[in-house]
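All remarks here apply to the structure that follows.
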């Protein structure tokens, strides 16, 4: 069911793609009852939302010219990392051509563009957090297509914010809810302990977006919760907060790959430092432990 957003002719219109996803829902919740923005919530084939195929340039241009938005927020993406390895055309269309189309439309209508990207644009073999000044070198098709999307935004948009995030969770299907579901039927579970990242709340990312949006502080940003952990440690924290007794058995990525041979390679170390946000004083994310504690208490 679509969440209600106040409509008023005086409000600034923002087209949000992928509105049924975790970030789209967080944005909607953040803007509920606001007196500045009107969200035009779109997705593809989702009941209750305006239908918009971001891979169709004519459709995107026609829609944006009709709405004349203040901003576009592109949350739409093909995020199934394993599926991207075999659904290569779909990954390129959604993760690269889609952002290109949004960038063209934003320039055509004079709208600001917020585009969400990922830690997967990096190789994941670093020894320190990646900043916006480090050179991307994606290995998985997901990261390759998302980087292509970033480059299209830089090429075609004028006023844009590209925000890379990681390990996102919110209202919807995600790692946290999967682990909690598994804990209902399993006494123990194996989780990778040699992949390091920053679990990030969709609520925190939505706040960062709306801290940047009214400004002219354009460019590339990293946007993740502060701190880092492994998937295994993240799971232990989830279970501790939720009062679950399920045992977490740490395994290596190699061992996980042997158990799940069809899975794509994941970055071993993909911690992002929100360096540009810190340099420009735009927004400070909550620590990942604080954010997951709040999330668990709410669900």
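Structural remarks
- Residue match in segment 50-63 (condition: closer than 22 Å to residue 154 by Cα, in contact with a strand residue (DSSP E or B) (Cβ under 6 Å, 6 or more places away or on another chain) and touching a residue at least 60 places away in the same chain (Cβ under 8 Å)): no
- The residue list 234, 210, 221, 239 contains one member that is part of a strand (DSSP E or B), crowded, with 18+ Cβ neighbours inside 10 Å and on the phi < 0 side of the Ramachandran plot, which is 221.
- Checklist (1) out of contact with any helix residue (DSSP H, G or I) (no Cβ under 8 Å at 6 or more places or on another chain); (2) modelled with pLDDT of 95 or more; (3) farther than 30 Å from residue 159 by Cα applied to residue 273, failing item: (3)
- Residues that are under 27 Å from residue 263 (Cα atoms), surrounded by fewer than 20 Cβ atoms within 10 Å (Cβ to Cβ) and either touching a strand residue (DSSP E or B) at 6+ places or on another chain (Cβ under 9 Å) or touching a residue at least 24 places away in the same chain (Cβ under 8 Å) (or both), drawn from segment 148-163: 148
- Any hit, segment 3-22, residues being under 26 Å from residue 200 (Cα atoms), touching a helix residue (DSSP H, G or I) at 6+ places or on another chain (Cβ under 8 Å) and part of a helix (DSSP H, G or I): yes
- Residues (under 20 Å from residue 245 (Cα atoms) and surrounded by 21 or more Cβ atoms within 10 Å (Cβ to Cβ)) located in segment 164-182: 176, 179
- Residue 62 vs. criteria at pLDDT 95 or above and within 28 Å of residue 277 (Cβ to Cβ): no
- Top-ranked residue in segment 38-49 [being outside any strand (DSSP E or B) and touching a strand residue (DSSP E or B) at 6+ places or on another chain (Cβ under 8 Å); ranked as nearest to residue 100 (Cα to Cα)]: 44
- The residues listed here are 126, 98; of these, the one that is over 16 Å from residue 14 (Cβ atoms) and modelled with pLDDT under 95 is 126.
- Residue in segment 64-75 that is free of Cβ contacts under 8 Å to residues at least 60 places away in the same chain, surrounded by fewer than 18 Cβ atoms within 10 Å (Cβ to Cβ) and assigned to a helix (DSSP H, G or I) present: yes
- Among the candidates 121, 192, residue that is farther than 30 Å from residue 69 by Cα and surrounded by 17 or more Cβ atoms within 10 Å (Cβ to Cβ): 192
- Answer residue from segment 174-188, given it is assigned to a loop (DSSP other than H, G, I, E, B) and touching a residue at least 12 places away in the same chain (Cβ under 8 Å) and is nearest to residue 28 (Cα to Cα) among those: 174
The values are calculated or read from the model by the stated rules, or taken from the named source; none is laboratory data. This one's a predicted model, so the numbers in the text were calculated from it and none came from an experiment. Heads up, the Cβs are rebuilt from the backbone with ideal geometry, glycines too, and the neighbour counts pull from every protein chain shown.
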